[in-house]
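The values are calculated or read from the model by the stated rules, or taken from the named source; none is laboratory data. This one's a predicted model, so the numbers in the text were calculated from it and none came from an experiment. Because the Cβ atoms are built from the backbone with ideal geometry, glycine has one as well, and the counts that use them run over all protein chains shown. Each accessible area value is taken on the protein alone, full model and side chains, heavy atoms only, with ligands, DNA and RNA left out. Shrake-Rupley method; radii C 1.70, N 1.55, O 1.52, S 1.80 Å.
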Amino acid sequence: MRKLSVLFVFCICTFYGSGQKLQSPGQFLGYSLGSHFTPHFRIVNYFRHVAESVPDMVKLEQYGETYEGRPLLLAYVASPENLQKLDAIRLNNLRLAGMVKDKIPADGNAPAIVWLSYNVHGNEAASSEAAMKTIYELVSPSDAQTKEWLKHVVVIIDPCINPDGRDRYVNWYNTIVGKNANEDPQSREHFEPWPGGRTNHYNFDLNRDWAWQTQIETQQRLKKYNEWLPQVHVDYHEQGFNAPYYFAPAAEPYHEVITPWQRAFQAEIGKNNAKYFDQHEWLFFTKERFDLFYPSYGDTYPIYSGAIGMTFEQGGIRAGLAITTRSGDTLTLADRLMHHFTTGMSTIEITALNAAKVIDEYKKYFDNARTKPYGEYKSFLIKTDPLTDKSERLKSLLDKNLIEWGYISSGNFTGFNYLTGKTEPFKAEPGDIAINMDQPKSNLIKVLFERNSKISDSDTYDITAWSVPFAYGLKAYGLNSYVSGTSTNAPVPAITYDIPATAYAYAVRWTGLNSACFLAGLLKKGMKVRYAEQAFQSGSQHFEKGTLIIMLTSNGSFQKDFYSVIRDEAQKAKVELLPVQSGLVEKGHDFGSDRIHLIHKLKVAMLTGSGVSSNEAGEVWHFFDQQLDYPVSLISTDDFGRVSLKNYDVLIMPDGYYKLFDNKNEAEQLKDWISQGGKLIALQNAVQQLSKSDWGIKEKNTEDKKEGDNKNDYSLLRRYENRERDDLSESTPGAIYKVELDNSHPLAFGYPDYYYTLKLDDNVYGFLKGDGWNVGVIKKDNYVSGFAGSKAKEKLKDGLIFGVQGLGRGQIVYLADDPLFRSFWENGKLLFCNAVFMVGE
C-alpha cells in the first residue's frame, strides 16, 4: 500500500559526543505536557533528542513501521555500564529462559528487564505523553534515585505501539478543539467520528493480536519482544473517563498456568502503586473487570511467556484535554499522564528492589516449563492434509511465537482426539507434525492448544474459547508422552511447476485460502475461470467439488502467455497446478456441462461508516487488501442512498446496525438490486436485522409463555449484589460450536460435512423455506468448548447459522457468525471466499 514518504524518513542513530543538553519534554516541545496532544512525529523527535543527549544511558532502535509508514521505536534505558553490554544482557536473559541453545551458562546476577508499552489504542492517548516524562525522569541528572534503580534493571520503552491510530485521534482532536478545552461531556470534542482512533490502519484492535500476529505492527513488535522476553511487562490503557485508575492484581479468572509467583509479584507491584496513589489521594481499584485469561492481550501473552504481565488503565476515553466527570471533578490530560507516569516509575522501583528474586523466579518458571510442563498432555500431534494449506498456516503461527515443532515420518499412537472428544488409537503419516511440551514456551502452547480451558469465573472480559486446532480446521491429538524422532526436514515433496504447457485444461483444488488467492489473481488479470459443481475424475486424478478449471477457451486474449500467467499465479499463491488432457472425464460431468460454472470477475463493495462495527469492517477490508489482494470498494452508509448499486456484483454488510432498513426507499433499493442479480453477504447482527424485517429469514421460534405463567416465577427474585451477573445465563462470550454442513452447496465447498464456529452471541435462526438453502446448522448437543450460559445453550440448537436464499435473480448469503474473526479464525476464510466467489455463479 502507499505509504507516507516525507515526515518519517530519518536516521535512528545515537550521536556520541554531540554535547547536546538534555531538555525536558516541555522545553523541547514548547508547551507543558498535558496542555496539548503531541503528534506522533514530535514524540519520535523527543525520543531521538534524549538518545542524542544521553548516549551513555539510552539507545534508540526503529524496529519497524506501520501500514501508513510511521516508525515504530524502542528506547533502551540502562546504566552506562549496562548499556555498553546491552546485547550480552539480552542473550543472558534468553539463556535464563532456555531459549538459546549454546553451552554458555546463564548469569543469575543479571539486571531484570522491565518493558513498558504505551498507546496500543490510539485514542487512549495519555500514555505516550507519559512515556516522554518517564524517559526524561529516568535519565535526568537531577534524579539520583532512578540511577540507582538502573543498576538493577534495564527499561525498554515502546512509546507508541499504534502510531496510525494515535495520529488519527490526535489530528482530529487538534482540528476541532478551541482555544480552551471544553469540559462539557456533550461537546463535540468528546465524540470521535467513525471509525475512531482506537484501532490501527485496518481497524484492528492491536491489543487482541499478540498471539495471532495478524497485523504488521504486532508481527514486528513480537519479533523484538521474543528476542528479549522481559521479566515485567506493563501495557498502558485508558477506560471510560468516569472510572478511577486500575492496576494489578487482576480480576478472576486467572488461567490455571499462571504461577503463584506471577500472582504474588503483581500484587507486590500493586501495593507499591497503591502507596503512591494513597500519598496523592488518587482513586484507584484492583481485582475487578480486567482478568487474565484470553491469551492475546498485552498482559496475558507476556504472562504465558514468563513475565509479570499487567494492564494499567487510566480513566480517560472521550476526555480530550479536560472533561467534567460524573462526580463533578475535572479530569485533565495532565492528570491522566501523571497517573501513568507514577505507576511506571513505581513498577521500575519495586522491580529494581527485588531484581535478584525476580531473576531467580524467572529462571524457575522456564526450568519448570521445560522439565515439568503444566497440563495433561506431553505433546500434541497435528494431522496434515497435503491438499490444503492449513498446516502451513499453523506452522507460520508456531514459528512467529518461537514454538518448537517437528515432522513425524510415521507411527502408531494413542491420543485424545479433539474432534470426537475421545481417547483412541490413530496412525501418523509423513507430514504430520508434533509439538512436544518440554520446551520454554510450553505454557503458551497449553493455553493455545487446550480443547477446554478451565475457567474460575464465567464473568470474563473477552472470549473463552480459541483452541488452535478448531480455529485452523485441523485434526489434532493430545498425547500422554513425548514424540521422539521428529525432524525439521519436510517429508512431503515441494510443489513443482515444471508441467506441460499444452494441456487441454489446468485444475486447482479448492482446498484453502491459497486456492482463493490464486482465483483472485487470475480474475484481477481478466482471466475466465470455471469451477466444478460436483466431484469428477480425470485419468487417475480425483477432484472434489469446487475445483477450479482454467482453459484457453474463453481466454483467447491470453493466447500467447496463457500458460505463463496461470503458472506464475499458481507459484505466487503456492497451489499445485494439475494438467488435464481432455474435457471428457471418467467420472462426473464433462467440462462442457452446465454443472461446470463460469466465475465472473466480480465487483465487490462493502458498507462502512456510521452504524457499522469498525473492527468487523476492518477484518473484511484487511482480508481483501492484504490477503486476497482483490479490490473492494468501501461505501459509507451515509452515502448509500446516492450510490448506484448496479456498478457492483457483491455487497458485504459487516456486523452492525443499518439505518437503511428503517428507510423504506433505501431498503427497496437494496431489494431491487438483489432481485436483478446482486449478491448480498450479511454478517452477524446484519443477519439479525434482516430477520426482524420481511426478508425471508427469521429468528428461531421460541415458545412464548402464556399470560399468567410468571405468577409464581421465583426466578424473578434477584439479589441486587448479583446484578452484574444476572445476564450470564444468556451470555455466549466466545464459545466453540460444531456446525453441520451441506458441503454439496457452493457455500461449503472445500469443507468436510462439519465446521467449528466461534459463537459470540446466542443468535440462531429458523430453517429457510422455499428458495433457501440451510447450509450450516447447529443441532442438539453441538457445544464443544468455552462458556455459554444455560439459557444460551438451550437456545443454540436446531437452528441455522449459515444459509443462502434466492431473491429474484440474486442471492442473500447469511453468515450469522464471523468467519474472519480477528483474522485468526483461519478455517473460516475459505467459507467467506465461497460466499464471495462461488455462491450464485
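Residues that are over 26 Å from the mean Cα position of the chain (by Cα), assigned to a loop (DSSP other than H, G, I, E, B) and over 19 Å from M338 (Cα atoms) do not occur anywhere in the stretch 192-206.
Restricted to the stretch 729-762, and to residues there that are open to solvent by less than 10 Å² (accessible area, probe 1.4 Å) and outside any strand (DSSP E or B), the residue that is farthest from I596 (Cα to Cα) is T732. The one condition from (1) of a type in the set (A, V, I, L, M); (2) exposed (fewer than 15 other Cβ atoms within 10 Å of the Cβ); (3) touching a residue at least 60 places away in the same chain (Cβ under 8 Å) that A494 does not meet is (3). Before we move on, is E361 open to solvent by 80 Å² or more (accessible area, probe 1.4 Å), touching a residue at least 12 places away in the same chain (Cβ under 8 Å) and over 30 Å from D762 (Cα atoms)? No: the conditions fail for E361.
Assigned to a loop (DSSP other than H, G, I, E, B), of a type in the set (D, E) and open to solvent by 40 Å² or more (accessible area, probe 1.4 Å): which single residue out of E288, E268 fits that description? Explain how you work it out, then say what you get.
On the way: E268 fails: assigned to a loop (DSSP other than H, G, I, E, B).
Of E288, E268, the one residue that is assigned to a loop (DSSP other than H, G, I, E, B), of a type in the set (D, E) and open to solvent by 40 Å² or more (accessible area, probe 1.4 Å) is E288.
Scanning the stretch 408-419 for residues that are hydroxyl-bearing (S, T, Y) and at pLDDT 95 or above gives T414, Y418.
Looking at the stretch 139-150 only, could you name the residues that are open to solvent by less than 10 Å² (accessible area, probe 1.4 Å) and within 24 Å of R336 (Cβ to Cβ)?
First, the residues of the stretch 139-150 that are open to solvent by less than 10 Å² (accessible area, probe 1.4 Å): 139-140, 146, 150.
Matches in the stretch 139-150: V139, S140, T146.
On the phi > 0 side of the Ramachandran plot and touching a residue at least 24 places away in the same chain (Cβ under 8 Å), is that true of G583? Spell out the reasoning first.
Details: on the phi > 0 side of the Ramachandran plot: no; touching a residue at least 24 places away in the same chain (Cβ under 8 Å): yes.
Considered against the rule, which asks whether it is on the phi > 0 side of the Ramachandran plot and touching a residue at least 24 places away in the same chain (Cβ under 8 Å), G583 comes out as no.
Scanning the stretch 817-834 turns up no residue that is assigned to a strand (DSSP E or B) and open to solvent by less than 10 Å² (accessible area, probe 1.4 Å). Only residues that are open to solvent by less than 50 Å² (accessible area, probe 1.4 Å) and within 26 Å of the chain's Cα centre (by Cα) were counted across the stretch 665-688, and they come to 8.
Can you pull out the residues in the stretch 763-801 that are without any contact (Cβ under 8 Å) to a residue 60 or more places away in the chain, open to solvent by less than 40 Å² (accessible area, probe 1.4 Å) and in contact with a helix residue (DSSP H, G or I) (Cβ under 8 Å, 6 or more places away or on another chain)? Result: V775, G776. Within the stretch 539-625, which strands (runs of 3 or more DSSP E) (wholly inside it) include 3 or more residues that are farther than 18 Å from A507 by Cβ, open to solvent by less than 60 Å² (accessible area, probe 1.4 Å) and at pLDDT 95 or above? Filter on the stretch 539-625 gives 604-608. Return yes or no: is D438 out of contact with any strand residue (DSSP E or B) (no Cβ under 8 Å at 6 or more places or on another chain), modelled with pLDDT under 95 and farther than 24 Å from V739 by Cα? When the stated conditions are applied, D438 does not pass them.
Every condition in (1) in a loop (DSSP other than H, G, I, E, B); (2) modelled with pLDDT of 95 or more is met by F837 except one, and the failing one is (1).
Just a yes or no: is a residue in the stretch 86-109 in contact with a Phe, Trp or Tyr (Cβ under 7 Å, 6 or more places away or on another chain), within 16 Å of K133 (Cα to Cα) and open to solvent by less than 40 Å² (accessible area, probe 1.4 Å)? Break it down stepwise before answering.
Just the residues of the stretch 86-109 that are in contact with a Phe, Trp or Tyr (Cβ under 7 Å, 6 or more places away or on another chain), to begin with: 86, 90, 93, 96-98.
After this cut, where a residue has to be within 16 Å of K133 (Cα to Cα) as well, the list is none.
No, the stretch 86-109 contains no residue that is in contact with a Phe, Trp or Tyr (Cβ under 7 Å, 6 or more places away or on another chain), within 16 Å of K133 (Cα to Cα) and open to solvent by less than 40 Å² (accessible area, probe 1.4 Å).
For the stretch 656-675, the count of residues that are part of a loop (DSSP other than H, G, I, E, B) and either more than 18 Å from Q689 (Cβ to Cβ) or among the charged types (D, E, K, R) (or both) is zero. Here T511 meets the list (1) within 21 Å of N743 (Cβ to Cβ); (2) in a loop (DSSP other than H, G, I, E, B); (3) in contact with a strand residue (DSSP E or B) (Cβ under 9 Å, 6 or more places away or on another chain) almost entirely, failing just condition (3).
Looking only at residues that are out of contact with any strand residue (DSSP E or B) (no Cβ under 8 Å at 6 or more places or on another chain) and open to solvent by 70 Å² or more (accessible area, probe 1.4 Å) in the stretch 372-384, which one is farthest from T214 (Cα to Cα)?
Residues of the stretch 372-384 that are out of contact with any strand residue (DSSP E or B) (no Cβ under 8 Å at 6 or more places or on another chain), as a first pass: 372-375.
Okay, now just the ones that are also open to solvent by 70 Å² or more (accessible area, probe 1.4 Å), so 372, 374.
On the way: K372: 31, Y374: 27 Å.
Of everything passing the filter in the stretch 372-384, K372 is farthest from T214 (Cα to Cα).
So that you can scan it fast, the table gives a plain yes or no per residue for (1) buried (at least 21 other Cβ atoms within 10 Å of the Cβ); (2) over 25 Å from N514 (Cα atoms); (3) of a type in the set (A, V, I, L, M, F, W, C); (4) in contact with a Phe, Trp or Tyr (Cβ under 8 Å, 6 or more places away or on another chain):
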position: R370; (1), (2), (3), (4): no, yes, no, no
position: L397; (1), (2), (3), (4): no, no, yes, yes
position: T420; (1), (2), (3), (4): no, yes, no, no
position: P425; (1), (2), (3), (4): no, yes, no, yes
position: Q439; (1), (2), (3), (4): no, yes, no, no
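So, F312, is that one surrounded by fewer than 23 Cβ atoms within 10 Å (Cβ to Cβ), assigned to a strand (DSSP E or B) and not small (G, A, S) or not? Judged against the criteria, F312 is not a match. Taking the criterion of being modelled with pLDDT under 95 and among the aliphatic types (A, V, I, L, M), the residues of the stretch 5-49 that qualify are V6, L7, V9, I12. Within the stretch 593-641, the set of residues being closer than 24 Å to L548 by Cβ and polar (S, T, N, Q) comprises S593, Q626, Q627. Set side by side, the residues A106, A88 differ, and just one is small (G, A, S) and modelled with pLDDT of 95 or more, which is A88. Considering the conditions (1) under 27 Å from W510 (Cα atoms); (2) touching a Leu at 6+ places or on another chain (Cβ under 9 Å), L387 is excluded by exactly one of them, (2). Only one entry in Y136, Y118, Y67 is among the aromatic types (F, W, Y), within 16 Å of M345 (Cα to Cα) and open to solvent by 10 Å² or more (accessible area, probe 1.4 Å), namely Y136.
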